[in-house]
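Below you'll find the structure, written out as structure tokens, and then a few comments.
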Amino acid sequence: MVTFPDYIESIQLLLRYSTPLNVISHSIYTAQTAMKVAAKFKEKKIVVDCDLILAGALLHDIGRCKSHNIKHGLIGSKLLQNEGLPKELCRIAEIHLFAGITRHEAPDLGLPFRDFLPVTLEEKIITYADNISKKDRLLSVDEVIERYGKYLPQSHPILNRVRLLHTEIEAYLA
């Protein structure tokens, strides 16, 4: 059976890598949001791995200990791999950016030519929670699009993918 770091172990790992406190705060808020979403899924008898969601949400931005650019996902994934953590957790750190990036979009953003797309419900829940978690409040999808619009042109397919992910997750929450 695959085991994931619990809350305390995840926070200790973030601290060991000198992750900035604002990133840790964001990660805790993202985890709280993701766990609320996961609880709604469970209420509807939809099976999700809450241990993975908790660890993934807490550790998704660990790569920000070294970089705040888009490569923080790759960096975080490598750090988690070096810790011997499960591949599912490493993958979350790598693919949580925006609402996913296709292999064709990746090189233009400075990433390797491969897909960085959330596929599992756990990956989608964490990506969604990361998108909407801003300091001490939740953002609307329009606010998320506006925020990402500072980095991407309004016609960029990533922005449409953000809307689609939000629509998908919020349909489960209705």
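Please work out the Cα center distance from segment 83-125 to segment 154-172, rounded to the nearest Å.
Taking the Cα centre of each part, segment 83-125 and segment 154-172 sit 16 Å apart.
By average Cβ neighbour count within 10 Å, what is the ranking of 69-75, 55-61 from highest down?
Going by the mean number of other Cβ atoms within 10 Å, highest first, we get 55-61, 69-75.
When Rg and Dmax of the Cα atoms in Å is calculated directly from the model, which label among (1) 17.8, 63; (2) 16.1, 54; (3) 15.0, 44 fits?
Answer by label: (3).
Using 7 Å Cα-to-Cβ label points, what is the residue 7/residue 83 separation (nm, one decimal)?
For residue 7 paired with residue 83, the spin-label model returns 1.7 nm.
Hey, what did the chain get for relative contact order, percent, Cα under 8 Å, at least 6 apart?
Value for the chain: 22 percent.
Reachable lysines from residue 87, Cα under 25 Å, same-chain residues fewer than 8 places away excluded?
Qualifying lysines at Cα under 25 Å: 36, 42, 66, 71, 78, 124.
Give, as a single signed number, the net charge of other residues whose beta carbon lies under 12 Å from the beta carbon of residue 67, with Lys and Arg counted +1 and Asp and Glu -1.
With Lys, Arg at +1 and Asp, Glu at -1, the net is +3.
DSSP H helices in the chain with Cα extent of 30 Å or more along the helix axis and mean Kyte-Doolittle hydropathy at least -0.5?
Result, helices passing both filters: 21-43.
Counting only other residues whose beta carbon sits under 9 Å from that of residue 49, what net charge do I get with K and R as +1, D and E as -1? Write down the numbers at each step before the final one.
On the way: positive: none; negative: 51, 88, 122.
In short, -3.
Quick note: the coordinates plus some simple rules give every number you see, no bench work behind them. Treat the numbers as computed from the prediction; the structure is a model and nothing was measured. Backbone-built Cβ (ideal geometry, glycine too); neighbour counts: all protein chains shown.
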